[in-house]
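The values are calculated or read from the model by the stated rules, or taken from the named source; none is laboratory data. No experiment lies behind these values; they were computed from the predicted model shown. Here Cβ is always computed from backbone atoms with ideal geometry, including for glycine, and neighbour counts include all displayed protein chains. Surface accessibility is based on the protein's heavy atoms, side chains included, excluding ligands, DNA and RNA. Shrake-Rupley method; radii C 1.70, N 1.55, O 1.52, S 1.80 Å.
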Amino acid sequence: MMRTSISLCALFLLFLMAACSKKEQGLQTLFLSDQLRQMLPYGNGQTVRFTNGQGATIEAAVNVKRGTTKKSACATCDAYVYEEFMEVNMTVGGKPFVNMSVDSRPIVFLSIFSPEDNYQIGAGFDFATIEGTSQPSCNAPRQMCFDSLAIGGSSTFNRVLEISNGVSNSSSQLTRAYYTVNRGLIGFAYGNGITYRLLQ
């Protein structure tokens, strides 16, 4: 009797798994466009360096991940679509520093963990792109484009997007990030004026 019960349970579980698998096989996939992929110009294993111009230099290790995730309306709801994504994570001494990601939406998701606060405090700088292109939007809220911009008082970069996160400029928190399509994150600044820039 016990063996029969176990067999019935096993058969029921197999049936459920097969039913779920069939259901998920019919799901649509939202693919990541090549244009959005180009918005994250990093390679796995790459090293990037930033300096604040006052003697502090940080060296970050880059990890690039690509994959597909299932999306659902809630944690216990059935998935309704697959979505392709690309994610870039930078770490400094094993601590999270920069997270960037893109999926099927025309948005680059960007967060930076503050080196001035031992990478314990983060700030978000998500920005909109022009759909169907590899260009950031210059007209979206909290986004401004510059033909060229000197960051940290010395290095000049071309075609720069400045993203503000809306935090008061009088604070010691991260308030702005700087980005270019060909280099990715090129700098970030605090409300008190401390600015980190990419070492070219």
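Odds and ends about this structure:
So that you can scan it fast, the table gives a plain yes or no per residue for (1) surrounded by 13 or more Cβ atoms within 10 Å (Cβ to Cβ); (2) among the small types (Gly, Ala, Ser):
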site: Ala128; (1), (2): yes, yes
site: Asp147; (1), (2): no, no
site: Gly152; (1), (2): yes, yes
site: Arg159; (1), (2): yes, no
site: Glu162; (1), (2): yes, no
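- Test: residue in segment 49-68 that is more than 23 Å from Gln200 (Cβ to Cβ) and open to solvent by less than 40 Å² (accessible area, probe 1.4 Å): yes
- Of all the criteria given as (1) at pLDDT below 95; (2) surrounded by fewer than 18 Cβ atoms within 10 Å (Cβ to Cβ), the one not satisfied by Ser134 is (1).
- Residues of segment 91-122 classified as open to solvent by 20 Å² or more (accessible area, probe 1.4 Å) and not polar (S, T, N, Q), total: 16
- Boolean, Ala19 is closer than 19 Å to Leu198 by Cα and either aliphatic (A, V, I, L, M) or modelled with pLDDT of 90 or more (or both): no
- Whether a residue is over 27 Å from Gly55 (Cβ atoms) and surrounded by fewer than 18 Cβ atoms within 10 Å (Cβ to Cβ) was assessed, and Gly166 passes this test.
- Qualifying residue in segment 94-102 (condition: without any contact (Cβ under 8 Å) to a residue 60 or more places away in the chain and over 24 Å from Gly166 (Cα atoms)): yes
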